[in-house]
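Please treat every number below as a calculation from the coordinates, not as lab data. Note that the coordinates shown come from a computational prediction; the quantities given were computed from them, not determined experimentally. All Cβ positions, even for glycine, are placed from backbone atoms using ideal geometry, and neighbour counts span all protein chains on display.
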Amino acid sequence: MTTYKYQTIDGVRVFYREAGPVDAPAVLLLHGFPTSSHMFRELIPQLADRYRVVAPDLPGFGFSDAPERSSFAYTFDNLARVIERFTEMVGLERYALYIFDYGAPVGLRLAVAHPERVTALISQNGNTYAEGLSDGWNPTQRYWQDPSEANRSALRDFLKPETTKFQYTHGVVDETLVAPESYTLDSALLARPGNDEIQLDLILDYKSNVALYPRFQEYLRTHRPPTLAVWGKNDPFFLPPGAEAFKRDVPDAEVHFFETGHFALETHSREISERIGSFLARVLTTLSVSR
């Protein structure tokens with residue numbers, strides 16, 4: 001069964017979901033924008049028979065605290081700092097790392113800082129290559145280049161409920177497979193007072209992630225973590241070339257595409273969990289033998 005807990009990191013309560021035997025190999029699931037660990041609600045039980053699965057909500061997301069901007073810097077460096085401390089406090093000494101959307105730059109910061117902790121890398125529409133960025137990023141890139149109030153305000157539409165629903169349903173063959181509570185919950189949490197400014201701060205800081213792409217790629221090239229990319233190929237933000245590019249730095253990376261959009265787990269959780277299960281069973285067994 002999945003349990004629902006909190007861990008306090010420097011005064012910030014981090015909500016997380018956990019399931020599976022505490023002494024089993026660990027899998028750390030990192031969500032993206034604008035969602036939370038709720039996106040893993042179906043994946044967690046499908047992995048928990050064999051693995052300890054832990055899925056935290058980033059600060060400012062889901063059921064974790066959203067501290068005032070005056071007391072907490074909403075940067076990806078700071079999110080990674082909190083999650084790194086979180087892994088230490090809940091006893092995740094080594095773990096397979098599942099990265100999605102915002103979870104990719106957070107998780108890869110952890111991997112760069114502590115490569116010895118990462119047993120495998122699973123990217124589900126978690127980008128780290130320039131060729132993975134679609135034209136949908138153009139308004140955001142204008143904001144990066146000129147963080148004026150006008151360019152900031154132009155991105156407020158990205159926080160509206162209809163845009164959140166679009167992220168869930170674009171590229172999906174059958175929209176009836178997408179549970180409405182997913183985008184409805186995200187929209188409700190985005191609408192909390194002050195959360196719009198938090199999200200706009202993070203959108204501005206996303207440029208730091210693109211600047212770190214070469215460093216993330218160097219980590220992949222140097223350490224060659226066993227890598228699996230499971231990608232919704234109709235994602236309007238992160239394109240299939242971003243998944244294929246993993247093979248450039250990890251030649252034996254496995255790449256699989258699914259006929260769906262950005263939130264691939266909404267429609268293909270069973271297929272993706274099967275890919276992850278067979279991948280982890282193989283690579284973690286090999287890792288155990290080699291040690």
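Hey, which lysines would be in cross-link range of Lys160, C-alpha to C-alpha under 27 Å, not counting anything within fewer than 8 residues on its own chain?
Output for Lys160: Lys207, Lys233.
Per the Cauchy relation, a quarter of the hull surface: what is the mean projected area of the convex hull of the alpha carbons in region 40-162, in nm²?
Numbers: hull surface 38.8 nm².
Across all orientations, region 40-162 yields a mean hull projection of 9.7 nm².
For Phe33, what is the net charge nearby, where nearby means another residue's Cβ is under 11 Å from its Cβ and Lys, Arg count +1, Asp, Glu -1?
-2
In nm, to one decimal, how far is the His256 label point from the Arg85 one, both placed 7 Å along Cα→Cβ?
Taking the simple label geometry, His256 and Arg85 are separated by 3.7 nm.
Note the full-extension length gain between Arg248 and Glu131 as 0.36 nm times their separation in residues minus their Cα-Cα distance, in nm to one decimal.
Length gained, Arg248 through Glu131: 40.9 nm.
Give, in nm to one decimal, the length gained when the segment between Arg50 and Lys5 is fully stretched (0.36 nm per residue of separation minus the Cα-Cα distance).
On the way: separation 45, 0.36 × 45 = 16.20 nm, distance 2.06 nm.
Residue separation times 0.36 nm, minus the Cα-Cα distance, leaves 14.1 nm.
Would you mind classifying region 147-291 by shape? Square roots of the alpha carbon gyration tensor eigenvalues, ordered a ≥ b ≥ c; an a/c under 1.5 is rounded, otherwise it is prolate if a/b is larger than b/c and oblate if not.
On the way: a/c = 2.32, a/b = 1.44, b/c = 1.61.
The shape class here is oblate.
Hey, can you rank 86-97, 174-185 by average C-beta count inside 10 Å, highest first? Let's see the in-between values first.
Values: 86-97: 17.6, 174-185: 14.7.
Per-residue Cβ counts within 10 Å, averaged per peptide and sorted highest first, yield 86-97, 174-185.
For region 215-291, just run the numbers: alpha carbon Rg, then divide by 2.2 N^0.38 Å, N being how many residues it has. Before the final figure, lay out each step's value.
Details: Rg = 13.5 Å, N = 77, 2.2 N^0.38 = 11.5 Å.
That works out to 1.18 for region 215-291.
For the residue pair Asp157 and Arg270, what label-to-label distance in nm results when each label sits 7 Å from Cα along the Cα-to-beta-carbon direction?
Distance between the two pseudo-spin positions: 3.8 nm.
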